[in-house]
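Notes for the one structure printed next.
All of the numbers you see were taken from the coordinates with simple rules; none came from a lab. Being a predicted model, the structure only gives us computed values, none of them experimental. Neighbour counts are summed over all protein chains in view; Cβ atoms, including those assigned to glycine, are modelled from backbone coordinates with ideal geometry.
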Amino acid sequence: MGTTAPWLRTLSTATVVVALVACPEPEETNLDAGQEALECGDERAAADNTFPIVNGAASWDPSVVQLSDDQALAIVSILVEGWGNSCTGTLITPDKVLTAAHCVRELRPAEDLSPDQVQVAFGVDAADPEAVIDVDHLVTHPEYDDWAQTSIHDIAVLTLARPATELLPDVWPMPFNCQALEGLDLVGEIVQVVGYGDTSGDSNSGNTIRWWATEELISLDSVDLGVNGYEESGVCWGDSGGPLLWTFPDGRVRTMGVLSWGETVCAGLDHYLRTDFECDFIDMSPPLCDDVTSQGSCSADQSRATYCEGGQIVTDDCAARGELCDVGGDGNSRCGPFCDGLDEAGTCRDGSAYWCEGGALRIRRCADCDQSCGWSEQLAAYYCL
């Protein structure tokens, strides 16, 4: 194993990713000079540690995450002071960007940068961006320790001077995960990493392009996620603060980690701070969904479910899927299956009567009428009595 990368603990030195498995076309890769493009299925020797990031893909691997260009636009470059590309971040709401604390923290003296020292660039090339927006406010985790050599609390939220959607109406903020990761059997999964960082292991290489790579998630602890590029690919100088993306069992792509630190070889073991470990901080820096909670609520006619997820207000059209919104056993208001397998006789659940009528799930909350749910001989069904 290489040594811990000090560039992950100093300004203008974040982490990057670039490389491999998607089998991109030759013109879509950042191949080293003189290197032949790989064909799908080719074997490849471990890369030289001097130039560890090779064959970086210009796009994501659809077998790992399925994104649109509008969603990819949420991956941003963090520009610092002289407006050079310093770190990577993720737009999580129209005016909030998630990144690493060390990306916006000076070490001597140990204090946050002023917002007027930071900008955010959108687009494939940070040197030729689709939009650049000033930062109005930035907050780093109050318990972040620059010298801890750990991922803990290495997180920051930047508030833009104006919503990104004003300049880029189609940009689609990327939700972050707040679900506990234990029990998802993540170790061994292939995950997607992305960033604007270095592609050669030289922090002065001047890369400004957003590159993508897939890596194996090899460890999960209470604070961070470990990924390994096995000396073929990895994050490096300039990608700190960038997201670790994965498709969750519900089919949605979310950020589940923020790049914090790693090995100097730029293609070994790297560490991402778990977003679910820091959700309280993210939600309150400042509140992202106003008065909409993660539990959410149903519309009066139960046709829509509205809730806060990953810093975004989500509204699901239940009726469009032939479903109704209701409060589940976990206390969350969500869309439910069409009739939920019930017939016209129905059943009682939590003091309410549920039945299928005309192909639609019907619910009557008996307690609202000072009644209780039970079997009605007259109706030959469960109802409020």
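See the values below:
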item	result
Ranked list, fewest to most other Cβ atoms within 10 Å of each Cβ, for D95, D368	D368, D95
Cα convex hull volume per residue for segment 344-385 (Å³)	58 Å³
Sorted by Cβ neighbour density within 10 Å, fewest at the top, the residues H271, H137	H137, H271
Rounded to whole Å, sorted largest first: equivalent-ellipsoid semi-axes of segment 289-336, Cα gyration tensor	17, 11, 9
Burial ordering of Y230, Y382, Y272, Y196, fewest other beta-carbon atoms within 10 Å first	Y230, Y382, Y272, Y196
